[in-house]
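Notes follow the structure.
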Amino acid sequence: MIPEVGHYALILGCVFAVLGGTIPLYGLIKKDSYLIRYAWPLSYGAFFAISSSIVLLGYSFAVDDFSVTYIAQHSNSQLPQVFKIAAVWGGHEGSFLFWLFSLAGWSAAVAFVYQYKAPSGVNQPEKQVQHEAFIGRVLVVLSLLIAAFSLFTLFTSNPFLRLLPIPMEGRDLNPMLQDVGLIFHPPMLYLGYVGFAVSFAFAIAALTTSASSELPWAGWSRPWALAAWVFLTGGISLGSWWAYYELGWGGWWFWDPVENASLMPWLTGTALLHSLIMTEKRNALTSWTLLLSIFTFSLSLLGTFIVRSGVLTSVHAFAVDPTRGVALLSILGVVLLSSLALFALRGGQYIKPVRFGFLSREAAFLAGNSLFAVATLTILLGTFYPMIFQAFGLGNISVGAPYFNSLFVPLSFVLFTVMGLAPLIKWKNATSDNFIMRIIAPLSASVVIGVALSVMFERGVNLVVCVAFIMALWVTLTSLQALYFDQKSRKNWRFDSQCCRQLAMVTAHIGVAVALVGATLVSYYVEETNNRMGPGSQLVLGDYQFDYQETELLIGPNYTAEQANIAVTRINGVDNDAENIGFIKPQRRHYTVRTMNMSEPGIHWFWKGDIYITLGDKINNTDYAVRIQYKPYVRWLWIGSLLMMLGGAMAVLARIRIMVMTKKLQRLSQEAKLTSTIIMWK
């Protein structure tokens with residue numbers, strides 16, 4: 001009975017979304033404020049109905065209701081309880097229900113934040129009406145999206161379908177997904193993907209509103225884009241970390257089609273954040289902002305299509321059903337073509353001539369956005385070119401890491417150069433003398449220290465490593481210098497919203513620099529050895545000695561495992577001293593229900609590198625093929641990602657603080673006016 005209730009809740013959510021996309025829309029056409037205000041309760045209704053649906057699906061997983069087809073295919077009574085709950089989004093149907101839940105959640109959040117109130121500093125009744133109408137348009141767009149994906153879920157991906165006859169046991173969750181990464185990675189990734197729907201809705205609302213209304217829609221859209229970017233950054237980082245320690249090959253990025261699908265909206269989303277700053281502060285690059293809002297969400301939908309259509313093969317793919325792929329492609333086509341047609345018809349009203357010099361922050365932002373766009377197109381071409389090549393009957397072709405590295409890496413270094421320049425240049429125009437004076441110190445320090453650091457890692461200088469160090473230092477030092485100049489111009493330091501925004505920029509840019517160093521060093525200085533090992537055998541890699549002590553048999557909740565206990569010792573080459581590091585324990589697991597073998601690597605990490613051991617195939621009764629790798633500074637990748645997320649979160653908090661302070665000032669102003677009126681009446 002519970003699955004039927006969940007099914008009905010999903011249908012009810014779809015009904016709320018359809019009504020939320022039609023009744024307020026009719027009110028907007030008729031200019032009826034009463035009908036427009038239906039957008040708020042209907043958004044809440046869709047969210048609570050879809051939330052109930054996913055909660056009931058989770059409950060059905062927890063109680064092992066194998067009469068539900070989706071649960072029978074992705075769970076088992078022996079599966080640990082935490083993975084039973086995470087299995088809700090462990091397959092196509094449940095993960096798409098979570099995708100829909102995320103979209104409804106973002107819509108409800110927008111409705112909650114903008115509740116029938118005039119924008120900051122505006123109290124006139126006509127502005128109140130404009131504000132409500134604009135947010136009503138945003139909620140209508142989000143409701144229409146919820147309705148479309150609710151119908152897709154109900155007709156092609158329903159997770160509540162019954163199975164007859166009812167099996168005694170479930171097929172079990174894919175062993176690759178039985179990991180803590182499943183608990184956090186997909187939800188964060190979906191929240192990031194779907195979060196850009198809010199920016200898309202704000203862009204559509206702006207295009208359907210007269211520009212003469214001068215509503216600060218870019219300022220309203222920016223915190224939502226920031227929040228989505230933070231979630232997407234976290235989702236990509238967690239996915240990279242999960243693949244690193246779970247798949248067993250020790251890589252953190254493979255240019256897989258699904259990895260590319262998440263990277264493309266991240267690149268355009270990063271460009272969107274900077275474009276929104278320009279539109280909000282300088283009323284410039286408005287067309288860029290509108291187009292980036294459209295393309296970022298469209299690329300999120302494209303990623304969803306790639307994962308679930310089977311059009312491209314990937315270890316991360318969910319489904320290979322062409323029917324679902326066609327439906328998703330149809331939704332993507334409608335969203336992209338209709339929004340671009342709207343931009344072609346209405347975007348001209350936002351095109352205004354803005355003058356700025358070559359040496360200006362506006363020019364730097366424009367150059368950065370262009371580079372982000374080129375990088376995205378490069379990845380898009382490399383991802384889909386093999387499919388297009390095959391579709392035209394030209395044969396099979398593979399586009400791999402050499403293509404992406406040869407094009408993306410040089411573009412990235414140019415982008416880092418612009419990233420360092422932008423914080424130091426003034427708005428509108430900067431004199432060449434002032435520009436040179438500002439860059440000479442960080443540039444000199446970056447070159448000198450960067451060359452010195454690259455020499456430390458090997459005899460001579462590796463050009464790529466040297467440039468990476470220089471770029472990382474350049475981005476870091478220029479960001480810190482910009483913070484110093486900003487606080488110096490204000491004469492007295494105080495931690496207010498402006499300071500928080502500056503610190504957010506510095507933190508995010510330093511995160512990029514740290515990730516750049518980690519990616520470069522692990523790519524160029526990884527050490528590896530492959531050999532046969534068994535109890536009593538010994539291997540040496542660099543400064544480390546590995547002694548295979550014993551093989552231990554383990555029994556897990558739904559698997560059996562053979563675990564190698566390998567003692568690790570660091571050897572000091574100067575005085576030949578030995579330091580005991582500890583044991584690394586890689587495993588070979590056999591999952592009995594799925595009859596699958598999985599390799600669980602053993603990892604010992606330091607701040608400056610990881611020792612990574614993978615237990616391969618069994619050669620005889622005692623020996624295994626063992627792969628040992630030393631991966632220097634690999635964790636700097638995820639430390640950098642955390643700093644980027646922290647910077648984005650700080651910027652969101654700064655925006656929230658501004659909103660709270662503005663509301664307080666509005667309330668005080670209204671109280672003062674009321675007091676003045678009472679005094680005058682008396």
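The values are calculated or read from the model by the stated rules, or taken from the named source; none is laboratory data. Owing to the predicted nature of the structure, the values given are computational and were not obtained by experimental measurement. Reconstructed Cβ throughout: ideal geometry from the backbone, glycine too, with neighbour counts over all protein chains shown. Calculation scope for accessible area: heavy atoms of the full protein, side chains included, ligands and nucleic acids excluded. Shrake-Rupley method; radii C 1.70, N 1.55, O 1.52, S 1.80 Å.
If you split all Cα-Cα distances of the range 126-263 into 5 Å bins from zero, what percentages do you get per bin, shortest first?
Calculated P(r), rounded to whole percents: 2, 8, 13, 14, 14, 14, 12, 10, 7, 4, 3, 1, 0, 0.
With a probe of 1.4 Å, find how much accessible area the range 146-242 has per residue, and write the answer as a whole number in Å².
32 Å²
From the mean inverse distance of alpha carbon pairs (Kirkwood) and the Cα radius of gyration, derive Rg over Rh for the range 1-78.
My calculation puts Rg/Rh at 1.22.
Which aspartates and glutamates does Lys127 reach when only Cα atoms under 17 Å apart count, and residues fewer than 8 places away in its own chain are ignored?
Asp32, Glu214
Only Lys, Arg, Asp and Glu count, each charged at its Cβ (+1, +1, -1, -1), so figure out the dipole size of the chain about its Cα centre, rounded to 20 debye.
With Lys and Arg at +1 and Asp and Glu at -1, about 3280 debye.
Among Trp266, Ala206, Thr289, which residue has its Cα furthest toward the positive end of the charge dipole of the range 189-348, with +1 on Lys/Arg Cβ and -1 on Asp/Glu Cβ?
Most positive-ward Cα: Ala206.
Go ahead and estimate [θ] at 222 nm for the chain from helices alone: -39,500 (n - 2.57) per DSSP H run with n ≥ 4, summed, over the residue count, rounded to 500.
That comes out to -22500 deg cm²/dmol.
Rounded to the nearest 20 Debye, what is the dipole magnitude of the range 1-147 about its Cα centre when Lys and Arg each give +1 and Asp and Glu each give -1 at the C-beta?
About 560 debye.
With just the Cα atoms defining each centre, how far is the range 406-482 from the range 147-168? Give it in Å.
53 Å
Quick one: what do you get for the range 494-541 if you divide its Cα Rg by 2.2 N^0.38 Å?
2.24
What three numbers, in Å, describe the spread of the alpha carbons of the range 346-428 along their principal axes, ordered from the longest?
Over the range 346-428, Cα extents along the principal axes are 52, 35, 13 Å.
For the range 415-480, what percent of Cα pairs sit more than 13 Å apart?
Beyond 13 Å sits 62 percent of the P(r) for the range 415-480.
Taking a probe of 1.4 angstrom, what is the accessible area of Trp638 in Å², to the nearest 10?
30 Å²
Excluding ligands and nucleic acids, what accessible area in Å² is computed for Glu126 using a 1.4 Å probe, to the nearest 10?
Looks like 110 Å² after rounding.
Please list 615-622, 560-567 highest first by mean number of surrounding beta-carbon atoms within 10 Å per residue.
Ranking, from highest mean packing down: 560-567, 615-622.
Largest first, how would Ile555, Ile470, Ile71, Ile436 line up by accessible area (1.4 Å probe)?
Heavy-atom accessible area, descending, gives Ile555, Ile436, Ile470, Ile71.
On each of the three principal axes of the Cα atoms of the range 73-177, give max minus min coordinate, whole Å, ordered largest first.
Sorted from largest, the Cα extents of the range 73-177 read 66, 28, 19 Å.
Taking a cut-off of 14 Å between Cα atoms, list the aspartates and glutamates near Lys631, but don't count ones fewer than 8 places away on the same chain.
Glu527, Glu528, Asp543, Asp610
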